[in-house]
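Participant: Structure in C-alpha cells, see below.
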Amino acid sequence: MKVLVIYCKEFSYNPASKTLPDVEEVTSGKKYTDCIVAFIQVEAEDEEKEVSSREKKLVNHLKWTARKNNTNNIVLHSFAHLSESKATVDYTKTLFNLAEKRLINGGYITEQTPFGYFLDLNINAPGFSLARIWASL
C-alpha cells in the first residue's frame, strides 16, 4: 500500500466523471478545513494479507500523521496513481470502510471521497515539513 498524506488548510472536491458503473451516483462535492487528506493506493500484494492487518497499519499511520499536524479531521481518498500494482475494487473498498470505522471509533472525524470517481480537487496545503508525508506500508 502506498500512501501520500497532505495536511490541508482547505480541501474540496467535485465529481468529474464516474469510473465504476456499480457505485452510487454522486452529483455534488464537499469542502473540508484543517484536515489531512490521505491519497491511498491499495496494491495487489496487500490482498495476500488479512484486510484487518492492512487496515490497522493504515489507521496507525493516519493517526500518527494527524497528531503531527494537530488535527482530528481525516479524509480518505482512493488514488490509484502511486504504484503500478492495484488491488481489486472489493478489497480496496473493504479496507477503506474498515479504516473509516476504526478512525471514527477512535474519535477522529473521518470521511471518504466518492469511490469510483475522478474528482476535481482543490488543495490549499501549507509548506512545512510534516504537511506532506509519503509512506509505503
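Read the figures in this text as sums done on the coordinates, not as results from a lab. The structure presented is a predicted model; accordingly, all values stated were derived computationally and were not measured. Virtual Cβ from ideal backbone geometry, glycine too; neighbours counted across all protein chains shown.
Participant: Please arrange 24, 47, 100 by counting, for each residue, the other beta carbons lying within 10 Å of its beta carbon, fewest first.
Facilitator: 24, 47, 100
Participant: Something else about it: Name the long-range amide H neighbours of residue 110: under 5 Å, sequence gap of 5 or more, or other chain; modelled H, no Pro or chain starts.
Facilitator: For residue 110, whose amide H was placed from the backbone, the distant partners under 5 Å are 74.
Participant: Provide the packing ranking of 107-114, 77-84, 36-43, i.e. peptides ordered by the mean count of other C-beta atoms within 10 Å per residue, highest first.
Facilitator: Details: 107-114: 17.6, 77-84: 15.8, 36-43: 24.0.
In decreasing order of mean packing, 107-114, 77-84, 36-43 become 36-43, 107-114, 77-84.
Participant: With 5 Å bins from zero, work out the P(r) of the chain over every alpha carbon pair and list the percent per bin.
Facilitator: Pairs per bin, as whole percents: 2, 10, 21, 23, 22, 15, 5, 1.
Participant: Let me ask something else. Stokes-Einstein diffusion coefficient for the range 1-81 at 25 °C in a medium of 0.890 mPa s, Rh from the Kirkwood formula over Cα pairs: what value in µm²/s? Intermediate results must be reported in sequence, preceding the final value.
Facilitator: Numbers: Rh = 14.1 Å.
Answer from the Stokes-Einstein relation: 173 µm²/s.
Participant: Moving on. Under the Karplus relation 6.51 cos²θ - 1.76 cosθ + 1.60, θ = phi - 60°, what is the ordered set of whole-Hz ³J(HN,Hα) values for the range 36-52, x standing for Gly and Pro?
Facilitator: Whole-Hz 3J(HN,Hα) from phi for the range 36-52: 9, 10, 9, 8, 10, 10, 8, 9, 4, 5, 5, 5, 6, 10, 4, 4, 5.
Participant: Just order 91-99, 14-22, 27-35 by mean Cβ neighbour count inside 10 Å, highest at the front, would you? All intermediate terms of the calculation are to be shown ahead of the outcome.
Facilitator: Details: 91-99: 19.4, 14-22: 11.6, 27-35: 13.8.
The most tightly packed comes first, giving 91-99, 27-35, 14-22.
Participant: I've got another one for you. To the nearest 20 debye, what charge dipole does the chain have about its Cα centre, counting +1 at the Cβ of each Lys and Arg and -1 at the Cβ of each Asp and Glu?
Facilitator: On the way: 17 positive and 17 negative charges, 133 e Å.
The calculation lands at about 640 debye.
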